[in-house]
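> Encoded as structure tokens, here's the structure I'll be asking about.
The values are calculated or read from the model by the stated rules, or taken from the named source; none is laboratory data. Nothing here was measured: the structure is a model prediction, and the numbers come from that model. Note: ideal-geometry Cβ built from the backbone for every residue, glycine included; neighbour counts use all protein chains shown.
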Amino acid sequence: MPEVKLVNVTKRYGTIVANDKVTLTIKDGEYVSVIGPSGCGKSTLIKNIAGIITPDEGEIYIDGRRVNELPIEDRGIGYVFQNIALFPHLNVWDNVTYGPRVRGLSPEETKPLAIEMLEMIKVRERSDAYPSELSGGTQQKTAVARALTSRAELLLLDEPLGALDVKVRATLRHELKRLVKDLKLTALHVTHDQEEALSISDRVIVMKAGRIVEEDAPTTLYTHPQNLFTTNFVGEANFLTGEVVKASGKSILVELEEGLQIRAEASGQRIGDRVVTAFRPEFVDVERSRVNRLKGTIVDVLYSGSTVRIRVKLDNGDIVVAKQRLRVETLTIRGGDEITLSVPPQRILVFPYPKGGLENELALE
């Protein structure tokens, strides 16, 4: 299984810097996903590793070997595109065996490889079918099998599920993870779907404007992000600005607009610091706690499956969102109702107020 290492990789298109001194290591057998807003450079990153494009600066190593000038076919990779790339005039079997045949393997050598891959993706019984006769999910699984018949140990997935419908994506992403782990591959998966990245990855990388802004395990990245951009981009968050008015041991008290106060766990703040507090909607309780009670009026309620999204205008004018499990009590909540929210102090993140302003810090572009 290869380790992938990038050192100060930079790629420019005129005045646009698509990758800006990107340094990254993907460990042997690791499944890593890259997310970020459109135009952040995530697809450029994976294409640099594949050899589809060549970086202007920096070094790329695969399994300890510098590959900057190495052709794509010599890098030992399997590449799966967003747009399903199968030969329409070839059936499943011929698509999957195309790579080994081009490399000069005999039918005797090719057959066991193809059978193994088709069985792993559970489409062996469709080996005589043509792409037009297959569902989108089965087509993409066939594309993955074709990428792996070359015995590549590094799998690069560039928005591989983007062309599929929601339910098919949800099923196939877990099959991809299983396949990668069963075959002991190293995988880099670029996606715009945060849920996809968080649910299948060992580690998630967040990019903005050509740079890596944060990387961590999915649960850590979601519950304890280290910067405001990640907090805003990954999932949903409420942001309230204020000033630290009390700092005692492991606790601080932040005064928000109009004198509203909220308590949080301390992380190095001092009295007088201007800060941004942030918390996830699902960590907001409705009238369940005596700590951090926030009174307000419900603006609107959105029911979506098993959850209820409640938007509340606090008494100080700030807007916050709470997400609750669908229960009998939540079915009676209506816009215009008065409500009391609470947030556990340990669920509140505290960041220094950004010099360029909160809006600029949270911007996706």
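> With the checklist (1) in a loop (DSSP other than H, G, I, E, B); (2) hydrophobic (A, V, I, L, M, F, W, C); (3) surrounded by 15 or more Cβ atoms within 10 Å (Cβ to Cβ) in hand, flag the one item V32 doesn't pass.
Condition not satisfied by V32: (1).
> Further question: Could we say that I46 is touching an Asp or Glu at 6+ places or on another chain (Cβ under 7 Å), outside any loop (DSSP other than H, G, I, E, B), closer than 28 Å to L198 by Cα and in the same structural domain as K184 (by TED's automatic domain parsing) here?
yes
> Within region 191-219, count every residue that is of a type outside the set (S, T, N, Q), modelled with pLDDT of 95 or more and under 19 Å from G78 (Cβ atoms).
Counting residues in region 191-219 that are of a type outside the set (S, T, N, Q), modelled with pLDDT of 95 or more and under 19 Å from G78 (Cβ atoms) gives 1.
> Further, regarding this structure: Determine if region 238-261 includes at least one residue that is without any contact (Cβ under 8 Å) to a residue 12 or more places away in the chain and in a helix (DSSP H, G or I).
There is no residue in region 238-261 that is without any contact (Cβ under 8 Å) to a residue 12 or more places away in the chain and in a helix (DSSP H, G or I).
> Still on this structure, I have one more. Which of the following residues is in contact (Cβ under 8 Å) with a residue 24 or more places away in the chain, closer than 26 Å to V244 by Cβ and out of contact with any helix residue (DSSP H, G or I) (no Cβ under 7 Å at 6 or more places or on another chain): V275, V343?
None of the others qualify; the one that does is V275.
> Only one of (1) surrounded by 15 or more Cβ atoms within 10 Å (Cβ to Cβ); (2) of a type in the set (S, T, N, Q); (3) not in a helix (DSSP H, G or I) fails for Q140. Which number is that?
That leaves (3) as the condition not met.
> Being of a type in the set (V, I, T) and more than 21 Å from A187 (Cβ to Cβ): is that true of V80 here?
no
> Being part of a helix (DSSP H, G or I), modelled with pLDDT under 85 and on the phi < 0 side of the Ramachandran plot narrows it down to one residue among A152, A145, A163; which is it?
A145 is the lone residue from the list that is part of a helix (DSSP H, G or I), modelled with pLDDT under 85 and on the phi < 0 side of the Ramachandran plot.
> Let me ask something additional. Given the residues A217, A143, which is the only one that is among the aliphatic types (A, V, I, L, M) and without any contact (Cβ under 8 Å) to a residue 24 or more places away in the chain?
A217
> State all residues of region 92-115 that are without any contact (Cβ under 8 Å) to a residue 40 or more places away in the chain and either outside the structural domain of L179 (by TED's automatic domain parsing) or touching a Ser or Thr at 6+ places or on another chain (Cβ under 7 Å) (or both); if no residue qualifies, say none.
If the condition is that a residue be without any contact (Cβ under 8 Å) to a residue 40 or more places away in the chain and either outside the structural domain of L179 (by TED's automatic domain parsing) or touching a Ser or Thr at 6+ places or on another chain (Cβ under 7 Å) (or both), then W93, R101, T110, L113, A114 are the ones that fit.
> Can you work out which of the residues in region 6-29 that are under 20 Å from the mean Cα position of the chain (by Cα) and farther than 27 Å from E175 by Cβ is surrounded by the fewest Cβ atoms within 10 Å (Cβ to Cβ)?
Only one residue tops the list, namely T23.
> Moving on. Note down all Cβ pairs under 9 Å where the first residue falls in region 116-136 and is touching a residue at least 60 places away in the same chain (Cβ under 8 Å), the second is crowded, with 16+ Cβ neighbours inside 10 Å, and they're at least six residues apart or on different chains.
Between residues of region 116-136 that are touching a residue at least 60 places away in the same chain (Cβ under 8 Å) and residues that are crowded, with 16+ Cβ neighbours inside 10 Å, the close pairs are M120/A145; M120/L148; M120/L179; M120/L183.
> Within region 131-141, can one find any residue that is in contact with a helix residue (DSSP H, G or I) (Cβ under 6 Å, 6 or more places away or on another chain) and of a type in the set (K, R)?
No: region 131-141 contains no residue that is in contact with a helix residue (DSSP H, G or I) (Cβ under 6 Å, 6 or more places away or on another chain) and of a type in the set (K, R).
> In this structure, does I60 turn out to be more than 30 Å from A129 (Cα to Cα) and not in a helix (DSSP H, G or I)?
Considered against the rule, which asks whether it is more than 30 Å from A129 (Cα to Cα) and not in a helix (DSSP H, G or I), I60 comes out as yes.
> In this structure, does E243 turn out to be assigned by TED's automatic domain parsing to the domain that holds T44 and of a type in the set (D, E, K, R)?
The answer is no for E243.
> Do we have any residue at all in region 338-349 that's touching a strand residue (DSSP E or B) at 6+ places or on another chain (Cβ under 7 Å), over 29 Å from Q226 (Cβ atoms), modelled with pLDDT of 90 or more and exposed (fewer than 14 other Cβ atoms within 10 Å of the Cβ)?
yes
> Just give me the residues in region 107-134 being loosely packed, with under 12 Cβ neighbours inside 10 Å, assigned to a loop (DSSP other than H, G, I, E, B) and either within 32 Å of the chain's Cα centre (by Cα) or of a type in the set (S, T, N, Q) (or both), in sequence order.
K122
> Is it the case that some residue within region 316-339 is of a type outside the set (S, T, N, Q), in a loop (DSSP other than H, G, I, E, B), in contact (Cβ under 8 Å) with a residue 60 or more places away in the chain and on the phi > 0 side of the Ramachandran plot?
Yes: one or more hits.
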